[in-house]
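One structure is given here, and the rest of the page talks about it.
The values are calculated or read from the model by the stated rules, or taken from the named source; none is laboratory data. Here the structure is a predicted model, which is why all the values come from computation and not from measurement. Cβ placement follows ideal geometry from the backbone for every residue including glycine, while neighbour counts extend to all protein chains displayed.
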Amino acid sequence: MTILVSFLLAGFFAIRRTDDNTNQIAYSELERASKHIADLIELVGPNDQKSVLSDYSQSSEMSFNIYNENIDKTYGHMNKKSRFSEAEKKAMLTVINGKKTTNTSSLVAYAKTYEIEGIRYVISVQRDNTLKKSTFVTSYIVSGLILLLVGSVVFLIISDFIVKPISNLTKATNELIKGNYRVRVNYAGEDEISKLYNAFNQMAIQLAKQEETRQQFISDVSHEFQTPLTAISGFANILKSENLPDDQRKKYASIISSNSQRLSTLSKNMLQLTLLEGEDTKLDIHEYSLIDQLNRVIETQDYTALSKDIEIEFIKPKGEIFVEADESRMEQVWINLINNAIKYTEEHGVVTVEVKRWGKDISVLIHDTGIGMSEETISHIFERFYRDDKSRAVEGNGLGLSIVSRIIALHGFKIDVTSEEDAGSVFTVKMPLSTKSYVNKLIVNRKD
Ligand code: ADP
């Protein structure tokens, strides 16, 4: 459309300009012709004048009029529209070298006064310009049509290049909206479209992964809920029978109670993990004594350890150790790790909590002499609901280490695991010393 409008505008101005140009050229040609006619009048005598001038008119295909007080003779056909009037020609006779021009849409005429052998003549010459103009207009229209044709072909090719990849992408996006996450788009090229296609494919891969995780999560959750619920409803039904011995009644009631407890822990852990995985999770960071915190946690876990005759050792460096972290969340980390160490260690084993200082960093190592883990198990332990087959005999829901790893990641700390099957495991958490305790330590070292 833009091309067409520009072309029409250009054509309009070009035709106008060509009009002016062709008229200008025509006037100078006509002036030369009138000069030639004047020369002929001067050369030939009055007797031969008529025949020479009519020969010239025929051979040059030109119409002209010779005028003075005695003559008003036209050679060829002078069109009325552009013919000079008697009065005009008379007026011109009074001026030496007087000139006059006129034009209609297709005719141009030129008149000039000549003095030949003491007699003044007005010689007017006329020319038909239609052919020249129509030739120009025709060539202009032809080139316009060619331009339009070439432009349309080029436009179709370009639109095929641009529109086709975009419509492919629209189709693929609609597939994605319908839930088909396996849809992919292919594009051979290295331009912006190929970047867009790659981004789309990455998005589809990511959505497919998320969908898989979501489905897995729902199936894990329903499975984890189903086991205790089945136990609860089963034993509740048995409890309905009236002639049940007292000891069995108590036993079944305690099974119901422990399974309810299991459900409660599961939902609390799920809630905690969901909160930790929220995008706007905030940490309440402040400086506190790490040794005091670990002492408190070990005390709370001592009772469980004692029930299995497990000893908890605490190895710590001299002096105070301060860290900057979210105290209550880090307490959860130590509880989960020490609790696991006790859970997965046989009776009479040893759990060691060791604090080591490495320059500006602190490492807390939780060793146990428990069942240990294979390489394969280690690679999955931080996944939600993952439980090694060996550990199924022990109570748990597979969320404890997911919570630990999320809290560690939120702080920007590090956690490592080494383990040997049937020998034990070591979980190591690495975190920076608080600036205050690092500077204090430097001062103490200098004094020493
Ligand atoms: P849970 O202990 O409730 O099963 P966790 O997320 O805390 O869930 O642990 C996931 C799995 O990692 C456990 O089921 C167990 O297989 C393994 N695991 C964790 N800690 C230890 C450990 N100290 N020794 C051996 N295996 C462990």
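I want to confirm something. Restricting to the stretch 111-131 and keeping residues that are over 21 Å from Asn70 (Cα atoms) and part of a strand (DSSP E or B), which single residue is modelled with the lowest pLDDT?
Initial filter on the stretch 111-131 (over 21 Å from Asn70 (Cα atoms)): 126-131.
Adding the requirement that they be part of a strand (DSSP E or B) leaves 126-128.
On the way: Gln126: 88, Arg127: 80, Asp128: 77.
The qualifying residue modelled with the lowest pLDDT is Asp128.
Return the residues of the stretch 63-97 that are at pLDDT 85 or above and part of a loop (DSSP other than H, G, I, E, B); say none if nothing qualifies.
Here is the first cut: in the stretch 63-97, the residues at pLDDT 85 or above are 63-77, 84-94.
Within the stretch 63-97, Asn68, Glu69, Asn70, Ile71, Gly76, His77, Phe84, Ser85, Thr94 qualify.
Taking into account only those residues within the stretch 383-412 that are within 21 Å of Thr428 (Cβ to Cβ) and among the acidic types (Asp, Glu), which is farthest from the ligand (Cβ to nearest atom)?
Residue satisfying both the conditions and the ranking: Glu383.
Would you confirm whether any residue within the stretch 245-255 is assigned to a helix (DSSP H, G or I), touching a Phe, Trp or Tyr at 6+ places or on another chain (Cβ under 6 Å) and in contact (Cβ under 8 Å) with a residue 40 or more places away in the chain?
If we filter the stretch 245-255 for residues that are assigned to a helix (DSSP H, G or I), which is where we start, we get 246-255.
Those left that are additionally touching a Phe, Trp or Tyr at 6+ places or on another chain (Cβ under 6 Å): 252, 255.
Among the residues that remain, those that are also in contact (Cβ under 8 Å) with a residue 40 or more places away in the chain are: none.
Scanning the stretch 245-255 turns up no residue that is assigned to a helix (DSSP H, G or I), touching a Phe, Trp or Tyr at 6+ places or on another chain (Cβ under 6 Å) and in contact (Cβ under 8 Å) with a residue 40 or more places away in the chain.
Scan the stretch 403-439 for residues that are assigned to a helix (DSSP H, G or I) and among the polar types (S, T, N, Q) and jot them down.
Quick first cut of the stretch 403-439, residues assigned to a helix (DSSP H, G or I) only: 403-411, 435-439.
Passing the criteria: Ser405, Thr435, Ser437.
Within the bounds of the stretch 308-326, is there any residue that is closer than 26 Å to Gly398 by Cα and in a helix (DSSP H, G or I)?
no
Output the residues belonging to the stretch 367-382 that are assigned to a helix (DSSP H, G or I) and either touching a Leu at 6+ places or on another chain (Cβ under 8 Å) or near the ligand (Cβ under 8 Å from one of its atoms) (or both). Step through it out loud before you land on a result.
First, pick out the residues of the stretch 367-382 that are assigned to a helix (DSSP H, G or I): 375-378.
Hit for the stretch 367-382 is Thr377, nothing else.
Answer yes or no: is there a residue in the stretch 280-287 that is in a strand (DSSP E or B), of a type in the set (S, T, N, Q) and more than 30 Å from Val394 (Cα to Cα).
Applying the first criterion (in a strand (DSSP E or B)) to the stretch 280-287 yields 285-287.
Checking which are of a type in the set (S, T, N, Q) leaves us with none.
No, because not a single residue in the stretch 280-287 is in a strand (DSSP E or B), of a type in the set (S, T, N, Q) and more than 30 Å from Val394 (Cα to Cα).
Does Val353 meet the test of being away from the ligand (no atom under 12 Å from the Cβ), buried (at least 17 other Cβ atoms within 10 Å of the Cβ) and in a strand (DSSP E or B)?
On the way: away from the ligand (no atom under 12 Å from the Cβ): yes; buried (at least 17 other Cβ atoms within 10 Å of the Cβ): yes; in a strand (DSSP E or B): yes.
So Val353 passes the test.
Has the stretch 98-114 got at least one residue that is among the aliphatic types (A, V, I, L, M), touching a residue at least 12 places away in the same chain (Cβ under 8 Å) and surrounded by fewer than 17 Cβ atoms within 10 Å (Cβ to Cβ)? Give the derivation first.
At the first step, the residues of the stretch 98-114 found to be among the aliphatic types (A, V, I, L, M) are 107-109, 111.
With touching a residue at least 12 places away in the same chain (Cβ under 8 Å) added as a condition, the list becomes 107-109, 111.
Retained after the next criterion (residues that are surrounded by fewer than 17 Cβ atoms within 10 Å (Cβ to Cβ)): none.
The answer is no, given that none of the residues of the stretch 98-114 is among the aliphatic types (A, V, I, L, M), touching a residue at least 12 places away in the same chain (Cβ under 8 Å) and surrounded by fewer than 17 Cβ atoms within 10 Å (Cβ to Cβ).
Is it the case that the stretch 319-331 has a residue that's over 23 Å from Leu266 (Cβ atoms), over 51 Å from the mean Cα position of the chain (by Cα) and within 16 Å of the ligand (Cβ to nearest atom)?
No, the stretch 319-331 contains no residue that is over 23 Å from Leu266 (Cβ atoms), over 51 Å from the mean Cα position of the chain (by Cα) and within 16 Å of the ligand (Cβ to nearest atom).
Counting only residues that are of a type in the set (D, E, K, R) and closer than 24 Å to Pro46 by Cβ, how many does the stretch 57-95 have?
Pass one, the stretch 57-95, residues of a type in the set (D, E, K, R): 61, 69, 72-73, 80-81, 83, 86, 88-90.
Filter once more, so that each one left must be closer than 24 Å to Pro46 by Cβ: 69, 72-73, 86, 89-90.
Adding up the residues that qualify gives 6.
Tell me, which residue of the stretch 192-215 that is of a type in the set (D, E, K, R) and under 14 Å from the mean Cα position of the chain (by Cα) is modelled with the highest pLDDT?
If we filter the stretch 192-215 for residues that are of a type in the set (D, E, K, R), which is where we start, we get 192, 195, 209, 211-212, 214.
Checking the rest, the ones that are also under 14 Å from the mean Cα position of the chain (by Cα) come to 192, 195.
Values: Glu192: 86, Lys195: 90.
That would be Lys195.
Among the residues of the stretch 176-191, are any surrounded by 13 or more Cβ atoms within 10 Å (Cβ to Cβ), over 19 Å from the mean Cα position of the chain (by Cα) and more than 30 Å from Ile255 (Cβ to Cβ)? Before the answer, list the steps.
Step one: of the stretch 176-191, the residues surrounded by 13 or more Cβ atoms within 10 Å (Cβ to Cβ) are 176, 181, 183, 185, 187.
Within this subset, residues satisfying the condition of being over 19 Å from the mean Cα position of the chain (by Cα) are 181.
From the residues that got through so far, the ones that are more than 30 Å from Ile255 (Cβ to Cβ) too are 181.
Yes: the stretch 176-191 contains one or more residues that are surrounded by 13 or more Cβ atoms within 10 Å (Cβ to Cβ), over 19 Å from the mean Cα position of the chain (by Cα) and more than 30 Å from Ile255 (Cβ to Cβ).
Can you tell me which residue among Ile378, Ile415 is surrounded by 17 or more Cβ atoms within 10 Å (Cβ to Cβ) and on the phi < 0 side of the Ramachandran plot? Break it down into steps so the answer makes sense when it comes.
Numbers: Ile378 fails: surrounded by 17 or more Cβ atoms within 10 Å (Cβ to Cβ).
One residue alone meets the criteria, Ile415.
Residues in the stretch 44-64 that are touching a helix residue (DSSP H, G or I) at 6+ places or on another chain (Cβ under 8 Å) and either polar (S, T, N, Q) or over 19 Å from Thr101 (Cα atoms) (or both): how many? Can you show your working first?
At the first step, the residues of the stretch 44-64 found to be touching a helix residue (DSSP H, G or I) at 6+ places or on another chain (Cβ under 8 Å) are 44, 49, 52-53, 56, 60, 62-64.
Going one step further and asking which of them are either polar (S, T, N, Q) or over 19 Å from Thr101 (Cα atoms) (or both), we end up with 44, 49, 52-53, 56, 60, 63.
Here the count works out to 7.
Exactly one of (1) surrounded by fewer than 18 Cβ atoms within 10 Å (Cβ to Cβ); (2) at pLDDT 95 or above; (3) not in a helix (DSSP H, G or I) is unmet by Arg296. Its number?
Here Arg296 clears every test but (3).
Which of the residues spanning the stretch 328-338 are buried (at least 19 other Cβ atoms within 10 Å of the Cβ) and either in a strand (DSSP E or B) or of a type outside the set (Lys, Arg) (or both)? It would help to see each step written out before you state the result.
Quick first cut of the stretch 328-338, residues buried (at least 19 other Cβ atoms within 10 Å of the Cβ) only: 329-330, 333-334, 336-338.
Scanning the stretch 328-338 gives Met330, Val333, Trp334, Asn336, Leu337, Ile338.
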